[in-house]
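Only the coordinates and a few stated rules stand behind these numbers; no lab work does. Please read these numbers as outputs of a predicted model, since none were measured by experiment. Don't worry about glycine lacking a Cβ; one is built from the backbone with ideal geometry, like all the others, and counts go over all protein chains shown.
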Amino acid sequence: MKQPVTHASSEAAVAATPSSRSAAVAVAATSPTVAEIARLQALVTTDPTDADAQRDLGFALLQRVRETADPSLYAPAADAFETARRLAPDDALVLAGIGGLQLGKHQFAEALQTGREAVARSPNLAAPRAVVVDALVELGRYDEADAAAGEMLAIRADLSTLARVSYVAELHGRLDVALSAMRQAGATPGLAPENVAFVEALLGNLLVYTGDPAAAAHAYAKALALVPAHAPSLAGEGRLAVGAGDLDGAIALFQRAADILPLPEYVVALADAQSAAGRADQAARNFKLARAEIRLFQASGVVVDVELALFEADHGDPAAALELAKAGYAATPTVRAADALAWALHRLGRDMEAKTRSAEAVRLGSRDPLLLYHAGAIAAALGDIKDARRDLSLALETDPGFSATGAAEAQRILDSLAD
């Protein structure tokens, strides 16, 4: 995967970053992907009937979306893939690319259909199977995703497949399996520095969850030594700083991550840290920026109901959050959609209903501290002291820096339960 957008490695390119993970590799304007896009654009300009070049241009543009978080690139990527499909209707990799684009836009039902069509055409390719795994995960069909991940891994064990196996295990709280799979992913031969940084950032996140922040810090530092502008690792260091009580350090790190890769999650983390540090005006500006970024993705055809629901529940209109969460859950009944629905209901004071959805959100055994914090806060609101203490304590034990404001609120609720 040294050159993840060449003809020879298109299969790897489509699945380089699982859609269910937001970690993207940030690079400078001189990125090899920029040069590759220019090369492929020249090829298709010279010969618009070059199906391979059209296909690989689509892959290159998708890679650039991952690198820049620029959703406007989805449209030219779609054009390239559709042209390739007209020219080479039997190419399963073209379908896998279209499936990858649909995953990026959160069109998960469509991606599942496309991925399965690609698998039917080329059962021995891993990339179409990776699309199927991602789609099943994001549709909340976890047992099927687990089985599909095993079938995918039997075809090929490398970064793209092992990262997905790791994530499926993480969702189920099997952190030892998730760590092992991610370490194996890092051992894939010939990884480019950006790929190694990607693995190290995910390893760092898992190491935090397993209670080893020192090892996590080492993983983030290793990633940043390879790719100094690696936003996911900077954000990882920011969360470690929050957990250590260093809000000023966290603010600086989140600001760098957001400057490099303008994803709403980094801007929200920055605003949360600023809010916890008493910088209300700065926080308000960044919450406004995060809303604008979410709307930008929405305008580019990305379905953001669940993400926007959580944002509205915490920083906007809980009634609007509930409607968004209902829509998100109806389309993709995942644990995260259930959590968004639970949190919106909680914000509206409807805690009995919230508890049902919150129980659904944690049913797999995930150690995601946000899900645990929400479950604990809802339990506390209902007077379920035992459950509240358990979930809030586990959230803070898992990652005391998961959110500057969320962690502070979790601790405040825990302290109140001790009275």
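Observations, loosely collected:
- For region 165-223, the relative contact order comes to 28 percent (Cα pairs under 8 Å, sequence separation of at least 6).
- Contact order normalised by residue count of region 337-393, Cα under 8 Å, 6+ apart, percent: 30 percent
- Alpha carbon centroid spacing (whole Å) that separates region 203-238 from region 41-88: 32 Å
- Vicinal HN-Hα couplings computed from phi for region 312-329 (Karplus, 6.51 cos²θ - 1.76 cosθ + 1.60; Hz; Gly/Pro x): 5, 4, 8, 10, x, 10, x, 5, 5, 4, 5, 5, 5, 5, 4, 5, x, 5
- 3J(HN,Hα) along region 245-257, derived from phi through the Karplus expression 6.51 cos²θ - 1.76 cosθ + 1.60 where θ = phi - 60°, amounts to x, 9, 5, 5, x, 5, 4, 4, 5, 5, 5, 4, 4 Hz, with x in place of Gly and Pro.
- The packing ranking, built from the mean of other Cβ atoms within 10 Å per residue, places the peptides 410-417, 342-349 in the order 342-349, 410-417, highest first.
- Rounded to 10°, Cα long-axis angle of helix 264-276 versus longest principal axis of the chain: 20 degrees
- Counting only alpha carbon atoms, the long axis of helix 385-398 and the longest principal axis of the chain meet at about 50°.
- Calculated on alpha-carbon atoms, Rg and Dmax of the chain in Å: 20.9, 74
- Computed over region 47-93: relative contact order in percent, which uses C-alpha pairs under 8 Å that are six or more apart: 47 percent
- Stokes-Einstein diffusion for region 287-419, with the hydrodynamic radius set to the Kirkwood value over Cα pairs and evaluated at 4 °C in a medium of 1.567 mPa s, equals 87 µm²/s.
- Each peptide in 252-261, 119-128 receives the mean, over its residues, of other Cβ atoms within 10 Å, and ordering these scores from highest gives 252-261, 119-128.
- Cα-based helix-to-principal-axis angle, 213-226 vs the chain, degrees rounded to 10: 30 degrees
- Under 16 Å from K288, Cα to Cα: aspartates and glutamates that are on another chain or at least 8 residues apart: D259, E265, D272, E307, E312, D314, D317
- Unit Cα scatterers, Debye sum, region 220-334: log10 I(q)/I(0) for q = 0.18, 0.22 Å⁻¹: -0.94, -1.15
- With Cα atoms defining each centre, region 350-419 and region 257-304 are spaced 24 Å apart in the structure.
- Net charge, A69 excluded, C-beta distance under 11 Å - Lys, Arg +1, Asp, Glu -1: -2
- Across region 187-277, the convex hull enclosing all Cα atoms gives 86 Å³ per residue.
- Using just its DSSP H runs of length 4 or more, each adding -39500 (n - 2.57), the chain gives a mean residue ellipticity at 222 nm of -24000 deg cm²/dmol after division by all residues.
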